[in-house]
Amino acid sequence: MDKLFAVGNYLKYRIKSGTAHDVHSPFVFDLLNNVIHDQAQFYCYGPLESLRSKLLLDQRTIQVSDFGAVSTGKKVTKKISTIAKNSLQEKKYAQLIFRLVNFSNAKNILELGTSLGLTTLYIANAAKKSRIITMEGCPEIAKLQLRISIK
Ligand SMILES: C[S@@+](CC[C@H](N)C(=O)[O-])C[C@H]1O[C@@H](n2cnc3c(N)ncnc32)[C@H](O)[C@@H]1O
């Protein structure tokens with residue numbers, strides 16, 4: 001019965017939602033067209049995704065402090081490739097964050113949980129003149145420095 005209800009609600013939503021052209025708020029229209037549905041390939045995407053590929057192959061290990069909700073406080077040895085696989089934002093979300101930051105024109109940005117810093121680099125490329133603070137609790141992860149040059 002619950003499933004039937006959910007399907008009914010979804011169909012109602014699809015019928016009512018229409019397309020971006022049915023949206024009357026210029027802000028929401030812009031957000032939908034230029035951020036959410038934007039398929040453009042920005043120049044920084046290539047080098048940043050190459051960096052992700054390198055991290056996914058990086059066999060070095062580090063001692064990682066576990067900051068999860070059920071943290072035991074113990075350190076565990078992890079490969080950088082494993083951290084890259086499990087912790088980094090997926091490409092589609094990192095690129096959505098890039099477009100959101102670009103759209104927002106924020107002057108000050110705070111990121112909680114840097115991990116390997118790939119999303120930080122996406123943010124930095126979207127907001128070259130902004131002040132960005134990113135915080136990472138695990139000292140070994142924070143010590144890793146990603147460097148990339150994009151002109
Ligand atoms: C899912 S990862 C972040 C991914 C990264 N923002 C990205 O998009 O690629 C979460 C990170 O937050 C850090 N973290 C989690 N809880 C924390 C806390 N309470 N204080 C500081 N850092 C924390 C973890 O060590 C981990 O590196």
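The values are calculated or read from the model by the stated rules, or taken from the named source; none is laboratory data. Note that this is a predicted model, so its numbers are computed, not measured. Note that we place each Cβ from the backbone using ideal geometry, even for glycine, and neighbour counts take in every protein chain shown. When the accessible area is computed, the model is the full protein with side chains, heavy atoms only, and any ligands, DNA or RNA have been set aside. Shrake-Rupley method; radii C 1.70, N 1.55, O 1.52, S 1.80 Å.
Residues checked against (1) more than 9 Å from the ligand (Cβ to nearest atom); (2) more than 13 Å from the chain's Cα centre (by Cα); (3) open to solvent by 100 Å² or more (accessible area, probe 1.4 Å); (4) β-branched (Val, Ile, Thr):
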site: 80; (1), (2), (3), (4): yes, yes, no, yes
site: 89; (1), (2), (3), (4): no, no, no, no
site: 127; (1), (2), (3), (4): yes, yes, no, no
site: 136; (1), (2), (3), (4): no, yes, no, no
site: 142; (1), (2), (3), (4): no, yes, no, no
site: 146; (1), (2), (3), (4): yes, yes, no, no
In segment 101-112, residues that are buried (at least 16 other Cβ atoms within 10 Å of the Cβ) and within 13 Å of the ligand (Cβ to nearest atom) total 3
Some residue of segment 40-48 being hydroxyl-bearing (Ser, Thr, Tyr) and under 30 Å from residue 102 (Cα atoms): yes
Scanning segment 84-116 residue by residue, those under 24 Å from residue 54 (Cβ atoms) and touching an Asp or Glu at 6+ places or on another chain (Cβ under 8 Å) turn out to be 84, 91, 99, 113, 114, 115
